[in-house]
1. Taking the stated definitions as given, is B:Arg64 part of a helix (DSSP H, G or I) and farther than 30 Å from A:His139 by Cβ?
2. Of the residues that make up segment A:60-72, is at least one within 16 Å of DNA strand D (Cβ to nearest atom) and touching a Phe, Trp or Tyr at 6+ places or on another chain (Cβ under 8 Å)?
3. Can you find a residue in segment A:86-94 that is β-branched (Val, Ile, Thr), away from chain B (no Cβ under 13 Å), crowded, with 19+ Cβ neighbours inside 10 Å and not in a helix (DSSP H, G or I)?
4. Hey, can you tell me all the residues within segment B:27-38 that are part of a helix (DSSP H, G or I) and open to solvent by 10 Å² or more (accessible area, probe 1.4 Å)?
5. Can you tell me which of B:Arg76, B:Arg48 is of a type outside the set (Asp, Glu), more than 13 Å from DNA strand D (Cβ to nearest atom) and more than 9 Å from every other protein chain (Cβ to nearest Cβ)?
6. Quick check on segment B:138-145. Is at least one of its residues outside any loop (DSSP other than H, G, I, E, B) and closer than 27 Å to A:Arg122 by Cα?
7. Which condition breaks for B:Ala113 when tested against (1) more than 7 Å from every other protein chain (Cβ to nearest Cβ); (2) within 24 Å of A:Ala106 (Cβ to Cβ)?
8. What tally of residues in segment A:62-84 results from selecting those that are within 16 Å of DNA strand C (Cβ to nearest atom) and open to solvent by less than 60 Å² (accessible area, probe 1.4 Å)?
There are 2 protein chains.
Amino acid sequence: MKRDSRLSSVLHALLHMAEQDGPVTSEALGRCLGTNPVVVRRTMGLLREAGLVTAERGHAGGWRISADLAAVSLRRLHEALGEPAIFAIGNRNETPECLVEQSVNAALEGAFAEAEALLLERFAEVTLADLAEDFARRHAQRRAAKE
Amino acid sequence: MKRDSRLSSVLHALLHMAEQDGPVTSEALGRCLGTNPVVVRRTMGLLREAGLVTAERGHAGGWRISADLAAVSLRRLHEALGEPAIFAIGNRNETPECLVEQSVNAALEGAFAEAEALLLERFAEVTLADLAEDFARRHAQRRAAKE
DNA sequence: CGAATCGTAACATATATAGTTACATGAAAC
DNA sequence: GTTTCATGTAACTATATATGTTACGATTCG
């Protein structure tokens, strides 16, 4: 199974957009991400539906962030993407008759539920503003290292 | 991406085997799991390589647990299966040049690492003996409910 | 009008699990 | 020793999902 990298993608895109004044085109974002403009539109479209970005068509159009960076957490983005499945591992049968399988499912589900809760909690704690700040720090470090 | 349900499968199979005295054939396990005997052999073969089960060929052959139920944790089974990827979500690019992407990756990786650690910890705490006990409890409850 | 840009449908590709078919190998029963 | 039952394994197919690509319509600005 291929991993879903859309959360990673939109974060990358949003931070690049945050660095720009005007709107950024799908083509420019596609170049940053190493992918196709259509893939960018498809994924950013979900953020548009969630009210996190706006798209302007026509000449000098493109994508623009329409929310406060500090108000957009990774969790909010995960939700905007439709809350895709987090785990690549799961139960064989979600509603088994077999009592043995019920025991197995109960044990696995408990562990997965705890891990998922922790992950979503961490996601809720990190905002685009935090990432932008982290990026600025890395940027300053690189400049310092060059001198 | 399809979810990997092999951990769930082998747990189901092992508990059925624990209920039986003699060896259990791939075909019988396949019937329990609702799958093909070859799939059973393929997956159980990994447990055999890890020394958790033995297979006997020929007449009256089949699979047998060769370890103490209390000594086999879900984590041990996860390892025996080759430690398959836990998350269906991941970074777009694991070793990016782009500083923006490095910030994104660092944030996501931290959260994933914590969630994975918690999951594996929970897996380490649950053994086949625990699941067998849970099953016995469910079994007793069902019998009680019927009377 | 024409160029730039998003919106979207339709199709192609890649990858991993799961399922299936086929046959070789080994062990017990008779 | 031959038959039968079972695992071991290779090769192929089916399925699901994310991602990539092509094509074209819709919209906006100059």
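1. no
2. The answer is no; no qualifying residue exists.
3. Looking through segment A:86-94, none of the residues is β-branched (Val, Ile, Thr), away from chain B (no Cβ under 13 Å), crowded, with 19+ Cβ neighbours inside 10 Å and not in a helix (DSSP H, G or I).
4. Going through segment B:27-38, the residues part of a helix (DSSP H, G or I) turn out to be B:27-33, B:37-38.
Listed by number, the residues that qualify are B:Glu27, B:Ala28, B:Arg31, B:Cys32, B:Leu33, B:Pro37, B:Val38.
5. Of the residues listed, the single one that is of a type outside the set (Asp, Glu), more than 13 Å from DNA strand D (Cβ to nearest atom) and more than 9 Å from every other protein chain (Cβ to nearest Cβ) is B:Arg76.
6. No: segment B:138-145 contains no residue that is outside any loop (DSSP other than H, G, I, E, B) and closer than 27 Å to A:Arg122 by Cα.
7. Answer for B:Ala113: the failing condition is (2).
8. So the first thing to find is which residues in segment A:62-84 are within 16 Å of DNA strand C (Cβ to nearest atom), and the list is A:62-66, A:80-82, A:84.
Of the ones still in play, those that are also open to solvent by less than 60 Å² (accessible area, probe 1.4 Å) are A:62-63, A:65-66, A:80-82, A:84.
Number satisfying all stated conditions: 8.
The values are calculated or read from the model by the stated rules, or taken from the named source; none is laboratory data. Predicted model, so just to flag it, every value in this text is computed and none were measured. Cβ sites come from the backbone with ideal geometry, for glycine too, and all protein chains shown count toward neighbours. To get the accessible areas, we keep the full protein, side chains included, count just its heavy atoms, and leave off ligands, DNA and RNA. Shrake-Rupley method; radii C 1.70, N 1.55, O 1.52, S 1.80 Å.
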